[in-house]
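Notes follow the structure.
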Amino acid sequence: GWNAHAYEGLMKLKEQGYDVAFTEGIPIANIEEAFRNYAQRGYDLIIGHGFEFGEPALRVAARYPDTKFFVSGKVPPNVTMQPNVGFMDQKEYEGAYLCGIVAGLMTKTDRIGYIGGLEIPTQLANFAAFTKAVEAVNPEAKVLGIITGTFEDPAKGKEAALAQIDNGADIIMQTADSTGMGAIEAAKAQNVYIIGYGGDQHELAPDLCLTSLVINISEAIAKQVDRIKEGTFGGIWYAGIAEGIIDIAPYHNLDSVIPQEVKDEVAGIREDIIEGKFTVPEIYERIDKN
């Protein structure tokens, strides 16, 4: 998932000879202190992995102008940018849209579940893009969505997914990291298709995982060192399908189950996104109608 692949990116840097360290499970109230601690210990690049790290990074960065801070998330609204802070505006919603095409064309019940994490811009955009894609390819289908408010509660994810399955969902999309692991467990227990998030999650449910929204976050994080060396670090780095950071996973075990026309539809839209012929709706508000 999201956090595991960030760790992989850190390990790529370690393999290149960099001294690395990490802290996990930081409460939002303690983020500034964590940033200051690393800055005071002399780390040259400090990474905050997620939207919630943006404002604290900007506040701390002003006091440590020789330290680079990278936030793998959108720039918060109404903030003052700092030259030593870089943001990754990852266009996850492009991958979410492709996942929505798969779900909309594969559902038999016209009921699709969606389990999100925190109600932050990236998650809202993913949910909206997924829903818009389902509507585009299958107007009869409905997305039963919930933003759980957490990335770290598998039990809550499982409970939410089971409720959606009880309401007729035969496909569950999750973008909730550890919370989403619970959704995957629910899908396996009820023999319902699942769409993963973060990395290629087919190994968690080989015969039920249709695809996954893949964020090449390990490459994105490792790449920041190159951007510092090149002098291009800082500001907003937009990264989507065309940039090789966002995609969907292969169909693996379900390749023979998914009709060719579904694969062709996904491949066509994906190519149109890369070529700039189609722009995925970028919506940062709840659009669910259920």
quick note, segment 157-290, DSSP beta bridge pairs, % antiparallel (nearest 5) is 25 percent
Under the 7 Å Cα-to-Cβ spin-label approximation, Asn78 and Ser256 lie apart by a distance in nanometres of 5.8 nm
Here FRET efficiency (C-beta to C-beta, Asp264 to Arg63, R₀ 45 Å, nearest 0.05) is 0.25
Counting only residues 5 or more apart in sequence or on a different chain, those whose built amide H sits under 5 Å from that of Ile248 are Val214
Using the Kirkwood formula on alpha carbons, the hydrodynamic radius of segment 53-139 in angstrom works out to 14.9 Å
Karplus ³J(HN,Hα) for segment 168-179 (6.51 cos²θ - 1.76 cosθ + 1.60, θ = phi - 60°; Hz, whole; x = Gly/Pro) runs x, 5, 10, 9, 10, 9, 10, 10, 10, 6, 5, 4
Taking every DSSP bridge whose two residues both lie in the chain, the antiparallel percent to the nearest 5 is 10 percent
Pseudo-spin-label distance Glu230 to Gln40, built 7 Å along Cα→Cβ, given in nm, is 3.5 nm
For Tyr238 the rounded accessible area (nearest 10 Å², probe 1.4 Å, non-protein molecules ignored) is 120 Å²
Taking a probe of 1.4 Å and leaving out DNA, RNA and ligands, the chain shows per residue an accessible area in Å² of 44 Å²
One would report the antiparallel percent of DSSP beta bridges in segment 1-151, rounded to the nearest 5, as 0 percent
In whole angstrom, the spacing between the Cα centers of segment 1-53 and segment 240-290 equals 30 Å
Largest first and rounded to whole Å, the semi-axes √(5λ) derived from the alpha carbon gyration tensor of segment 179-290 read 29, 19, 16
Taking the alpha-carbon centre of each part, the distance from segment 160-206 to segment 73-134 in Å is 17 Å
Nearest 10, in degrees from 0 to 90: the angle of helix 154-166 to the longest Cα principal axis of the chain is 20 degrees
Rounded to the nearest 500, the 222 nm mean residue ellipticity computed for the chain from DSSP H runs (n ≥ 4, each -39500 (n - 2.57)) alone is -13000 deg cm²/dmol
Counting as exposed only trypsin sites (Lys or Arg not before Pro) in DSSP loop states with no more than 16 other Cβ atoms inside 10 Å, the longest exposed-site-free span of the chain is 109-276
Taking Cα atoms, the helix 217-230 axis meets the longest principal axis of the chain at an angle in degrees (rounded to 10) of 30 degrees
Once the mean of 1/r over all distinct C-alpha pairs in the chain is inverted, the Kirkwood radius in Å reads 19.4 Å
Pairs over 30 Å Cα to Cα, from Lys142/Lys263; Lys68/Lys156; Lys12/Lys91; Lys156/Lys277; Lys74/Lys132, come to Lys68/Lys156; Lys156/Lys277
With a 1.4 angstrom probe the carbon and sulfur portion of accessible area for the chain, in percent, totals 47 percent
In degrees rounded to 10, the 0-90 angle between helix 31-40 Cα long axis and the longest Cα principal axis of the chain is 40 degrees
Fraction of alpha-carbon pairs in segment 14-80 farther than 20 Å apart, rounded to whole percent, equals 24 percent
Expressed in square angstrom to the nearest 10, the accessible area of Asp207 with a 1.4 Å probe stands at 110 Å²
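The values are calculated or read from the model by the stated rules, or taken from the named source; none is laboratory data. Being a predicted model, the structure only gives us computed values, none of them experimental. Don't worry about glycine lacking a Cβ; one is built from the backbone with ideal geometry, like all the others, and counts go over all protein chains shown. Side chains included, ligands, DNA and RNA excluded: accessible areas come from the protein's heavy atoms. Shrake-Rupley method; radii C 1.70, N 1.55, O 1.52, S 1.80 Å.
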